[in-house]
Amino acid sequence: MPLEVAVKDACSTIGEGPHWDEASQTLYYVDIEDKSVSRWNSVTGQVQKIKLEKTIGFVIPSKKGDVIIGLGQTIARLEWDTKKVTVLHEVDQDKSTRFNDAKCDPRGRIWAGTMGLEKQVAVVEKEQGSLYCINTDGSIKKHVDKVSISNGLAWSTDNKTMYYIDSTPRCVYAFDYDIDSGSPSNQRIVVQLPPDTERTLGYPDGMAIDSEGKLWVACFYGGRVARYDPETGKQIQTVEVPGLRTTSVCFGGKEYDDMYVTCSRHGCTLDELSKFPLSGSIFRVTGLGIKGCPAVMYEG
């Protein structure tokens with residue numbers, strides 16, 4: 001598929017959390033260990049960046065005009081123009097964790113997960129993280145615990161299924177989902193990466209869903225985004241990207257037929273950088289012939 005660099009050298013550490021804002025035709029993203037959040041205007045090419053004092057796991061625009069971020073172990077509001085940060089919740093206070101990936105369900109609730117702090121790249125103390133839901137009234141509730149590396153989230157087009165990735169067991173889970181109450185149940189595995197594919201598929205990371213109900217999974221250490229059919233668990237398509245540590249993916253563009261892919265530069269060896277000099281950049285894939293589902297902003 002045609003692939004181009006959208007934002008060269010966008011991130012110096014872990015590029016993550018791409019979120020397409022339709023109104024402004026802007027891509028939001030974070031650089032986790034750089035403790036920064038950025039937005040790239042696809043019309044002007046301008047990048048605006050804000051540095052903070054803790055790791056930033058995700059960024060999601062809200063209907064109030066600010067953005068919600070995962071700041072260390074807190075959920076916070078960030079007013080872009082003033083850079084004012086208002087902490088809403090703090091979690092996992094008895095553990096060494098941080099927020100990682102997050103996404104809104106179709107009703108505008110934020111689902112955000114934590115992970116243990118990395119001892120080395122992609123190596124954490126297992127089962128220290130949890131998955132939380134921040135409701136539109138501002139309340140927070142833990143729904144899943146004993147998570148190792150909380151990652152990608154997506155909802156089926158009929159809103160009846162929630163998909164969720166824990167990277168360490170290398171699988172995508174599905175839950176029955178009650179869209180009215182925001183409650184998941186009946187957890188099961190729908191995609192399990194085979195045990196002999198660590199060198200080719202790596203670890204499942206961020207995720208997006210297309211209008212056909214298929215899952216696009218970024219493969220950390222795999223240098224690719226893999227498309228899976230959650231009904232069969234089988235891989236049906238692959239898009240290779242020039243960044244081995246592929247972290248996340250989202251759909252964007254005026255017709256939602258462009259795919260944006262983030263990757264990490266954090267921990268790359270000199271040999272790896274010689275092979276993948278664009279590590280840390282954001283890529284745009286076109287010509288897929290498939291449209292994605294629009295991202296949802298926080299309704300609280």
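Give the residue that is modelled with the highest pLDDT, with candidates limited to residues of the stretch 90-111 that are farther than 23 Å from Ala295 by Cα and open to solvent by 40 Å² or more (accessible area, probe 1.4 Å).
Glu90
Consider only pairs whose beta carbons are under 6 Å apart and that are at least six residues apart or on different chains; among these, list those whose first residue lies in the stretch 240-269 and is touching a residue at least 12 places away in the same chain (Cβ under 8 Å) and acidic (Asp, Glu) and whose second residue is surrounded by fewer than 24 Cβ atoms within 10 Å (Cβ to Cβ) and part of a strand (DSSP E or B).
Listed pairs, sorted by first residue: Glu240/Arg224; Asp258/Arg284.
Within the stretch 145-175, count every residue that is over 23 Å from Pro294 (Cβ atoms) and open to solvent by 20 Å² or more (accessible area, probe 1.4 Å).
5
Got at least one residue in the stretch 112-125 being modelled with pLDDT under 95, open to solvent by 10 Å² or more (accessible area, probe 1.4 Å) and in contact with an Asp or Glu (Cβ under 6 Å, 6 or more places away or on another chain)?
Yes; the residues of the stretch 112-125 include at least one that is modelled with pLDDT under 95, open to solvent by 10 Å² or more (accessible area, probe 1.4 Å) and in contact with an Asp or Glu (Cβ under 6 Å, 6 or more places away or on another chain).
May I ask you to list the residues in the stretch 221-233 that are closer than 12 Å to Ser264 by Cα and open to solvent by 20 Å² or more (accessible area, probe 1.4 Å)?
Of everything in the stretch 221-233, just one residue is closer than 12 Å to Ser264 by Cα and open to solvent by 20 Å² or more (accessible area, probe 1.4 Å), namely Tyr221.
Provide a single number: the residues in the stretch 158-168 that are more than 15 Å from the chain's Cα centre (by Cα) and either closer than 13 Å to Asp205 by Cβ or modelled with pLDDT under 95 (or both).
1
Yes or no: the stretch 26-45 includes at least one residue that is surrounded by fewer than 16 Cβ atoms within 10 Å (Cβ to Cβ), touching a residue at least 40 places away in the same chain (Cβ under 8 Å) and not acidic (Asp, Glu).
Within the stretch 26-45 (the criterion being surrounded by fewer than 16 Cβ atoms within 10 Å (Cβ to Cβ), touching a residue at least 40 places away in the same chain (Cβ under 8 Å) and not acidic (Asp, Glu)), the answer is no, since none of the residues qualifies.
So, of the residues in the stretch 176-214 that are open to solvent by less than 40 Å² (accessible area, probe 1.4 Å) and either aromatic (Phe, Trp, Tyr) or under 13 Å from the mean Cα position of the chain (by Cα) (or both), which turns out to be farthest from Arg107 (Cα to Cα)?
My answer is Pro204.
What are the residue pairs meeting all of these: first residue in the stretch 129-155, first residue in contact (Cβ under 8 Å) with a residue 40 or more places away in the chain, second residue surrounded by fewer than 19 Cβ atoms within 10 Å (Cβ to Cβ) and of a type in the set (Phe, Trp, Tyr), Cβ atoms under 7 Å, and 6 or more apart or on different chains?
Here the result reads none, with nothing in the stretch 129-155 linked to a residue that is surrounded by fewer than 19 Cβ atoms within 10 Å (Cβ to Cβ) and of a type in the set (Phe, Trp, Tyr).
Looking only at residues that are in a helix (DSSP H, G or I) and of a type outside the set (Ser, Thr, Tyr) in the stretch 234-275, which one is least open to solvent (accessible area, probe 1.4 Å)?
Applying the filter and picking the extreme gives Glu272.
So, in the stretch 48-72, how many residues would count as being surrounded by fewer than 22 Cβ atoms within 10 Å (Cβ to Cβ), touching a residue at least 40 places away in the same chain (Cβ under 8 Å) and among the small types (Gly, Ala, Ser)?
Total satisfying the criteria: 1.
Does at least one position in the stretch 91-100 carry a residue that is closer than 21 Å to Gly182 by Cα and assigned to a strand (DSSP E or B)?
There is at least one residue in the stretch 91-100 that is closer than 21 Å to Gly182 by Cα and assigned to a strand (DSSP E or B).
Does any residue in the stretch 7-20 that is over 15 Å from Lys54 (Cα atoms) and assigned to a loop (DSSP other than H, G, I, E, B) come within less than 8 Å, Cβ to Cβ, of a residue that is of a type in the set (D, E, K, R) and open to solvent by less than 10 Å² (accessible area, probe 1.4 Å) six or more places away or on a different chain, and which pairs are these?
Cβ pairs passing all conditions: Ala10/Asp31; Cys11/Asp31; Ser12/Asp31.
Between Tyr177, Tyr173, which is hydroxyl-bearing (Ser, Thr, Tyr) and closer than 18 Å to Ser248 by Cα?
From the options Tyr177, Tyr173, the qualifying one is Tyr173.
Select from the stretch 276-297 the residues that are open to solvent by less than 10 Å² (accessible area, probe 1.4 Å) and not in a strand (DSSP E or B) and write down the one among them that is farthest from Pro106 (Cα to Cα).
Ser279
The values are calculated or read from the model by the stated rules, or taken from the named source; none is laboratory data. Just so it is clear, the structure is predicted and the values come from calculations on it, not from any experiment. Methodologically, a virtual Cβ is constructed for each residue, glycine included, from the backbone with ideal geometry; neighbour enumeration extends over all protein chains shown. Please note that ligands, DNA and RNA were not included when accessible areas were found on the heavy atoms of the full protein model with its side chains. Shrake-Rupley method; radii C 1.70, N 1.55, O 1.52, S 1.80 Å.
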